[in-house]
Amino acid sequence: MTSLINVNKSEKKEVISKHIYGHFAEHLGRCIYEGIWVGEDSPIPNTRGIRNDVVEALKKLNIPNLRWPGGCFADEYHWKDGIGPRESRPSIVNNNWGKVVENNHFGTHEFLDLCEQIDAEPYICGNVGSGTVQEMQEWIEYITFDGKSPMADLRRKNGRDKPWKLKYFGIGNENWGCGGKMKVEYYADLYRRFQTFVRDFQDTPIYKIACGPSEADYHWTEVMMREGIGRTEPFPDSVVTDIWEHHRPEMHGLALHFYTRNRANYDSATEFSEEKWFDYMKRTYVMEELIQKHTAIMDKYDPEKNVDLIVDEWGTWFNVEPGTNPGFLYQQNTLRDALVAGINLNIFNNNCDRVHMANIAQMINVLQAMILTDGKDMILTPTYHVFEMYKVHQDATLLPVSVSTGSYTYGEDSLPMLNVSASQARSGKVHISVCNLDPNHSEKITCNLNEIKDFSTASGRILTAESMNEHNTFEATNRIMPTVFDEIELHHDTISFTIPSKSVLVIEVQ
Ligand code: AHR
C-alpha cells in the first residue's frame with residue numbers, strides 16, 4: 001500500500017516557535033552535578049566549572065531556552081543559598097530526589113553562565129510552594145535590575161556588574177502536587193499575588209508562566225482561564241489603557257505536564273517486547289488529545305490566543321537503570337525514545353498556534369535525556385539525534401499536512417502508521433519530518449507538495465536501527481545515529497520514497 005502526504009501552504013502563516021525545542025535541567029540525580037557542573041578544579045575539561053564536552057554537544061542543538069532549577073526542586077529552592085563564595089554556601093537536603101545533600105555550588109550565576117555558553121534563553125521557575133513573595137521579587141531584582149539597589153549591589157559584590165536578560169519566569173511548579181498540593185482555586189489567587197511582584201526592569205517585559213494542569217485535569221485549565229488572568233493585549237506590545245487593565249494580573253503562558261509512562265508499573269527503558277513498543281506509541285498520541293482539549297477550554301476564554309500553552313515537562317519515564325539510585329531517575333534511551341520524541345515534536349509543530357514552548361525532561365542523565373555521562377565519558381542518545389534533525393523546524397512557517405496512511409496494528413488495537421509535520425524555513429527550504437511507528441513494515445509514500453513546485457533537489461537524514469531497543473552505550477557510542485537517506489524520487493510537484501520500519505526521517509526539499 002502507498003500512503004499519501006499532502007503538504008499545504010496556509011493563509012495563516014503560523015510560525016513554529018523555536019521555544020518548542022526547549023530543555024529542562026533540574027537539581028535531580030546527576031543532571032546538574034556531573035552532567036553539567038564538575039567544578040573548576042575537575043580533571044574533566046571545563047569552563048568556569050561547566051563541562052566543555054557537554055556544552056559543545058548541546059550547542060549543536062540550537063537550544064532556544066533552558067528551564068531551571070526544577071521541577072519539584074524549584075518549590076523548595078531558596079535562591080540566596082546559591083550565590084556568593086561557594087565554600088560559604090549552605091548545604092541542604094534535596095528532599096524530592098533521593099534526600100541527598102545539595103551543596104549549592106551551582107546557583108544563579110552558574111546557571112546563567114551555562115545559558116550564555118550554550119546561547120539559550122534562561123527560563124527560571126520561582127518558589128511558590130515554600131518561598132515568599134519578597135524572595136521571588138528580590139530574585140528578579142538581583143538578576144535584571146541595572147541601577148543601584150540592594151539586590152543589584154549584591155549581584156555586583158558577587159562578581160556580575162551588568163544584569164542578565166531574563167524573559168521567561170515560572171510562578172511555581174506542579175503546585176497541585178510537589179509544589180504545595182494546592183487546589184486550583186487557591187493557586188489562582190496565589191498566582192495573582194506572586195506575579196504582581198515580578199517586576200519589569202528591562203525593555204522586554206517578563207513573560208510569566210503559571211502552573212498549569214497535570215495531564216487531563218481540565219478543571220485546572222478552566223479555573224485558571226475563567227479567573228480572568230489571561231493577558232488582554234498581545235505580549236510584548238501591551239498598552240495600558242485604564243487602571244483596571246493595569247491591575248489585571250498577567251498570565252502569558254499556562255504550563256501543562258504530561259509524561260509518556262505507565263504509572264501503574266514503570267517499565268524497563270531497554271528490555272521490551274513489541275507489546276510495550278506499541279503501548280508507548282499509543283501513550284504518546286495522548287499528547288495530541290490533551291493539547292486539543294486544553295486548547296478548546298483556552299479558546300473559550302481567549303479566542304484571540306493571547307495566552308500560550310506551554311508543555312514544560314514531557315518525555316518518557318521508565319524504571320531507573322538497574323543498580324542506580326531510584327531517586328535519580330537515570331534511564332537509558334533507545335530507538336523507541338526517538339520515535340516518542342519525533343511524534344511529540346510533530347504534535348507541537350502542528351499545534352503551534354497555541355503551543356509556544358515545550359521543554360523535554362530532562363537535558364542530561366535524567367529521564368528522556370539528550371546526553372548520558374559516566375565520569376569523564378559522554379554519549380549522545382537517539383533523542384539527542386532527533387532534536388538535532390528537527391532543529392530545522394525552529395521558527396519556520398508551519399505547512400499544514402494531511403496524511404492518508406494505513407494503520408500500525410498490534411493485536412486488536414491499531415494506530416496511524418505515520419506521524420508527520422512540515423515547515424518552510426525563511427530560506428525557502430521545506431522540511432518534512434515523518435515517523436514510521438510500525439516496527440515491522442516499511443511504507444511507500446507519495447508526498448504532494450502542491451503549491452511548492454519550484455524545487456529541484458530533495459535529500460534526507462534518517463534515524464533507524466535493526467532492533468526496537470537499539471541504544472548507544474559507553475562501550476559502543478555510535479550504534480544509533482542519523483545516516484543519509486537519498487532514495488527519494490522527484491517528480492513535477494511530488495516526491496516519493498519508501499520509509500523503513502521504525503524510523504524517524506527528515507526530508508529537505510529546495
Ligand atoms: O522531571 C521530574 C519531575 O517530574 C519534576 O521535578 C516534576 O515537576 C515532575 O513531577
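Some points to look at:
- Computed over the range 89-176, the alpha-carbon pair-distance distribution with 10 angstrom bins reads 15, 42, 38, 6, 0, each value a whole percent.
- The relative contact order of the chain, computed from alpha carbon pairs under 8 Å that lie at least 6 residues apart in sequence, is 19 percent.
- Least to most buried among 434, 355 (fewest other Cβ within 10 Å first): 355, 434
- Residues whose amide H comes within less than 5 Å of that of residue 9, counting only those at least five positions distant or on another chain, are 451 (H built at 1.01 Å from N in the peptide plane).
- Note, ³J(HN,Hα) from phi for the range 27-35, Karplus 6.51, -1.76, 1.60, rounded to Hz, x at Gly and Pro: 6, 8, x, 9, 6, 6, 7, 5, x
- Qualifying trypsin sites (Lys or Arg not before Pro) in the range 47-117, DSSP loop, other Cβ atoms within 10 Å at most 14: 48, 60, 99
- Cα-Cα over 21 Å, subset of 444/502; 429/453; 59/99; 18/429; 12/429: 59/99
- The residue list 151, 499, 32 was ranked by how far each Cα lies along the charge dipole of the chain toward its positive end, using unit charges on Cβ atoms, and 151 comes out on top.
- Label zone at residue 493, where the point sits 7 Å out along the Cα-to-Cβ direction: the range 447-476 residues whose backbone N lies under 14 Å: 447-455
- Cβ-Cβ FRET estimate between residue 12 and residue 133, R0 fixed at 56 Å, reported to 0.05: 0.90
- Of the chymotrypsin sites (Phe, Trp or Tyr not before Pro) found in the range 390-474, those in coil by DSSP whose Cβ has at most 14 other Cβ atoms within 10 Å are 474.
- Relative to the Cα centre, the charge distribution of the chain, modelled as +1 at Lys and Arg Cβ and -1 at Asp and Glu Cβ, gives a dipole magnitude of about 720 debye.
- Helical segments meeting 15 Å axial Cα length and Kyte-Doolittle -0.5 threshold in the chain (DSSP H): 108-118, 133-144, 335-350
- Cα principal axis extents for the chain, largest first, Å: 68, 57, 43
- From phi via Karplus (6.51, -1.76, 1.60), per-residue ³J(HN,Hα) for the range 445-456 in Hz, x at Gly/Pro: 10, 9, 10, 8, 8, 6, 5, 8, 8, 7, 10, 10
- Positive-pole candidate from 448, 419, 404, dipole of the range 384-493, charges at beta carbon: 448
- Debye intensity ratio in log₁₀ form over the Cα atoms of the range 342-410, taken at each q of 0.12, 0.15 Å⁻¹: -0.45, -0.66
- Within the range 407-472, GluC sites (Glu not before Pro) in DSSP loop having at most 13 other beta-carbon neighbours inside 10 Å: 412, 451, 466
Quick note: the coordinates plus some simple rules give every number you see, no bench work behind them. Fair warning: this is a prediction, and the values are worked out from it, not measured in the lab. Cβ sites come from the backbone with ideal geometry, for glycine too, and all protein chains shown count toward neighbours.
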